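Q: Here you go, one structure.
The values are calculated or read from the model by the stated rules, or taken from the named source; none is laboratory data. Every value quoted in this text rests on a predicted model; they were computed, and no experiment measured them. Positions of Cβ are backbone-derived with ideal geometry, glycine not excepted, and every protein chain shown enters the neighbour counts. What goes into the accessible areas is simple: the full protein's heavy atoms, side chains included, and nothing from ligands, DNA or RNA. Shrake-Rupley method; radii C 1.70, N 1.55, O 1.52, S 1.80 Å.
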Amino acid sequence: MSSYDYDLFVIGGGSGGVRGARVAASLGKRVAIAEEYRYGGTCVIRGCVPKKLFVYASQFHEHFEDAAGFGWTVGESSFDWKKLVAAKDTEIARLEGLYKKGLAGANAEILETRAELVDAHTVRLVKTGQTVTAKTIVIATGGRPNPHAALPGHELCISSNEAFHLEELPKSIVIAGGGYIAVEFANIFHGLGVETTLIYRGAEILSRFDEDLRRGLHEAMVAKGIRILCHDTLQKVSKGEDGLILETLNSGTLHAGVVMLALGRDPNTEGLGLEAAGVAVDERGAIIVDDYSRTNVENIYALGDVTNRVQLTPVAIHEAMCFIETEYKNNPTRPDYELIPTAVFSQPEIGTVGLSEEEAGRRYAELEVYRAQFRPLKATLSGRSERMIMKLIVDAASRKVVGAHILGHDAGEMAQLLGITLKAGCTKDDFDQTMALHPTAAEELVTMYAPSYRIREGKRI
Ligand code: NDP
């Protein structure tokens, strides 16, 4: 019997922490997990899940408009923000309950308190001041929105955290940033009837995505009525008589009811006792880990956003499962970060896996690019002008599909399945030999027989 109170103590009840704690407990380990806010973490409580519910809510006005083309007359419609927030809160509370139920069912001890390290094996439970010991400790405290403290007036701005609980829907919003959160929320607020402006420092939104999709989405968002200011930043935010006044670098003075900052997320490591335990962090405060998620302290691991590797829920869960294999199954397993499918729940949606054309052009001598741009069938009767874009990036030498990119409805759903094909190493010939499923949008993926163009030594020919 070990002399420690627990075999495993997990700090942080988000996606990675809960998975690690639950599976370790189900293996018969004595496990405790501490969470200072709510079980479920960012993804469940104020991230992916409530965001997706808001995305659905924001799409209805287009559905109502589209219905006319199919013979429907939709009566007068109105939207009640408070009702949406309340319904979302009910669902989130249900999910939080399920997370706790899973932990309890596996016999993990659930602690509702902040926990801080005292040394490499000791944790202080802040609520009671009690200290407990554990053989192994996992830090999975996640991240929080970058507050952009250098911006005068940043304290007047909200982040995605507050966006989920606004008392009232503002008449207008300015969102700073050009990443996942900025783009998704710009579409949500616009869809709910808020006059929306996005302000982004770079040349084009979504800097890490395929250029074609970035441009296509930008155009589609502008066509819907979202204002996008690129090459621009906020310089100052102050209170005016009727809302907020924003000074920008290049677009003069703007006015908005709400300003939301979506400028990346910082690892949650402040005041965690990392120094006392001897755990090293990098210049951004992220916990440094090796290939197996182990910190520089032998018995302490770190998982998920707190390590600032890939800030995605399924990645944190995967890291937790690898930790279980490594620590408890005598099977050292490194997380695999190759070919992670990802979606931006914008409107239209982006779904992508593998390399962008630009990245692939840098890695491979010659590429074949298969590209289709078309009006989806539903848009013919609805009259909506949206176009879908589908792209396959193929390494000409091996014929392997190294990137797949979609802009349009259900792009995220398609990207999940494309992820399997790319992971399996499918070639363009495998795509060609696959029977089309008609009539779908996805059939384009298996019916693009001739390359639209080639890229040789990084140049389009
Ligand atoms: P992102 O990293 O996606 O985007 C941050 C944005 O802020 C970038 O456009 C960046 O510009 C800009 N930026 C950063 N610092 C500054 C600054 N000082 N001044 C001006 N602009 C700045 O972060 P998000 O906050 O949008 O999201 C955090 C993470 O959460 C994402 O990386 C993603 O992994 C995850 N997430 C995933 C979602 C999904 O899977 N659908 C949804 C939401 C979040 P630049 O591009 O020039 O660096």
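Q: Can you report the number of residues in the range 135-161 which are more than 16 Å from the chain's Cα centre (by Cα) and of a type in the set (Ser, Thr, Tyr)?
A: Counting residues in the range 135-161 that are more than 16 Å from the chain's Cα centre (by Cα) and of a type in the set (Ser, Thr, Tyr) gives 2.
Q: Here's another thing I want to ask about it. Between a residue in the range 324-340 that is loosely packed, with under 13 Cβ neighbours inside 10 Å and any residue that is assigned to a loop (DSSP other than H, G, I, E, B), which pairs come within a Cβ distance under 7 Å, given they are 6 or more apart or on different chains?
A: 332/292; 337/310
Q: Go through (1) open to solvent by 60 Å² or more (accessible area, probe 1.4 Å); (2) free of Cβ contacts under 8 Å to residues at least 40 places away in the same chain; (3) not acidic (Asp, Glu) for residue 255 and report which single condition fails.
A: (2)
Q: Tell me which strands (runs of 3 or more DSSP E) are completely within the range 224-293 and hold 3 or more residues being away from the ligand (no atom under 13 Å from the Cβ) and among the aliphatic types (A, V, I, L, M), or say none if there are none.
A: By residue number, 243-248.
Q: Spot the failing condition for residue 214; the list is (1) within 13 Å of the ligand (Cβ to nearest atom); (2) open to solvent by less than 10 Å² (accessible area, probe 1.4 Å), and only one is missed.
A: Going through (1) within 13 Å of the ligand (Cβ to nearest atom); (2) open to solvent by less than 10 Å² (accessible area, probe 1.4 Å) one by one, residue 214 breaks only (2).
Q: If you scan the range 16-70, which residues turn out to be among the acidic types (Asp, Glu) and part of a helix (DSSP H, G or I)?
A: 62, 65, 66
Q: Scan (1) under 19 Å from residue 42 (Cβ atoms); (2) in contact (Cβ under 8 Å) with a residue 60 or more places away in the chain; (3) open to solvent by 50 Å² or more (accessible area, probe 1.4 Å) for the single condition residue 267 breaks and write down its number.
A: Residue 267 satisfies all of (1) under 19 Å from residue 42 (Cβ atoms); (2) in contact (Cβ under 8 Å) with a residue 60 or more places away in the chain; (3) open to solvent by 50 Å² or more (accessible area, probe 1.4 Å) except (3).
Q: Please state which of the following conditions residue 385 fails to meet, knowing it meets all the rest: (1) closer than 27 Å to residue 205 by Cα; (2) touching a strand residue (DSSP E or B) at 6+ places or on another chain (Cβ under 9 Å).
A: (2)
Q: Please specify each residue of the range 209-237 satisfying the condition of being among the β-branched types (Val, Ile, Thr) and farther than 27 Å from residue 340 by Cβ.
A: 222, 226, 233, 237, listed by residue number.
Q: Taking only the range 147-197 into account, find how many residues are more than 17 Å from residue 84 (Cβ to Cβ), near the ligand (Cβ under 9 Å from one of its atoms) and either buried (at least 24 other Cβ atoms within 10 Å of the Cβ) or touching a residue at least 12 places away in the same chain (Cβ under 8 Å) (or both).
A: The total comes to 11.
Q: For the range 124-184, which strands (runs of 3 or more DSSP E) that fit wholly inside it have 2 or more residues that are touching a strand residue (DSSP E or B) at 6+ places or on another chain (Cβ under 8 Å) and β-branched (Val, Ile, Thr)?
A: In the range 124-184, 131-139, 172-176 are the strands (runs of 3 or more DSSP E) which contain 2 or more residues that are touching a strand residue (DSSP E or B) at 6+ places or on another chain (Cβ under 8 Å) and β-branched (Val, Ile, Thr).
Q: Among all residue pairs at least 6 apart or on different chains, which show Cβ distances below 7 Å where the first residue, located in the range 115-136, is basic (Lys, Arg) and the second is at pLDDT below 95 and outside any strand (DSSP E or B)?
A: Correct list of pairs: 135/2.
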